[in-house]
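Report on the following structure.
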């Protein structure tokens, strides 16, 4: 059973920091160096100083910031434990969306219990980094993004009443996403919500590295001293959203390959034709738009490609839907129907001789959110191949998790990202 409990959040004190839009940020793993510089310049209290500091010892620096900010009331703690409702309003392709859910402290469970399930693989480096930060600050600095099947009537009832209540925080960020936060209190409403969610399986959408880090942190504390069951280190800050939420959006993450020794576009196309029916499109803006629209409308597994040295784009529809059963027996059956698995096993490994994990580690494989950015990289000669995908469906995420499997890295991009800096959960 999942345990969701109220907690007394630490939050920014608007009376001290002023405009809250100056102090919030995206999650650490989508902040590049230029963006980090901009966030540092935006405010001396921006949360980036905690989640992704630029100091030589950023862990000690983050801990010092936490001590200083609590001492001078840059950060203040809410007076009583509560669950919180967090809503994000955003535009995508000209349409308005809202995604919302409850934020609470969720009891950590090993994946083996089946109560909380991952959907993507993790890497050792980011976990080691986040563990050092957690040990230094003893705080969950950003929420994990969790999903649950079905709906929770008590939560929906509470959500319906929030329109008449002023939000605790109402911030529009630099990307035009509006973030609003309300307290649901810690009484009957919170109890009903927790009871409704208790029997549900929780699927991690974003934050796999931080979740596994929290498990490691808890286990280290438990090994060194008595850790009572209700100690805060047994819990993690988590945003929980229904899989049926109409604002739940998954975007694809595209792949760029560079530094491929002896890459031959003609030979690569010949290999693709063994497995795909190829449609050749112009590489101009109209062709790019046509490629993306054709991929969106396709009813079969498909990929898109741009190649260095080619003046065309390629729409590739899979010839045999069962090809993975013969060409990639090493891939678990629950994963064989996924575009990302097909790309990794057949296109990268078989046709290009590239292991995705190794190539990502050494920089030959990079991940790009925007299709236009991926295509431009090939046109400019910065990449040999751009591989475009369609979005993974939420039903596919659920099926993979229920099978006890994990998808390849960067299989999903839940949009928009949760904000960092709205709520902090102390582990002391």
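Couple of notes before you dig in:
- Cross-chain or 6+ apart pairs with Cβ under 8 Å, the range 161-172 first and at pLDDT below 95, then assigned to a strand (DSSP E or B): 162/85; 162/87; 162/182; 165/182
- Restricting attention to the range 41-82, the residues that are under 30 Å from residue 367 (Cα atoms) and either surrounded by fewer than 15 Cβ atoms within 10 Å (Cβ to Cβ) or modelled with pLDDT under 95 (or both) add up to 5.
- Hits in the range 215-262 - residues which are exposed (fewer than 14 other Cβ atoms within 10 Å of the Cβ) and part of a loop (DSSP other than H, G, I, E, B): 225, 226, 228, 229, 230, 244, 246, 259, 261, 262
- Counting only helices (runs of 4 or more DSSP H) that fall entirely inside the range 278-372 and contain at least 2 residues that are within 23 Å of the chain's Cα centre (by Cα), the qualifying elements are 285-297, 339-342, 356-362.
- Selected residue (criterion: farthest from residue 297 (Cα to Cα)) from residues of the range 393-404 that are surrounded by 18 or more Cβ atoms within 10 Å (Cβ to Cβ) and out of contact with any strand residue (DSSP E or B) (no Cβ under 6 Å at 6 or more places or on another chain): 397
- Restricting 89, 129, 157 to residues that are part of a strand (DSSP E or B) and surrounded by fewer than 21 Cβ atoms within 10 Å (Cβ to Cβ) narrows the list to 89.
The values are calculated or read from the model by the stated rules, or taken from the named source; none is laboratory data. This is a predicted model, so every value here is computed, not measured. Note that we place each Cβ from the backbone using ideal geometry, even for glycine, and neighbour counts take in every protein chain shown.
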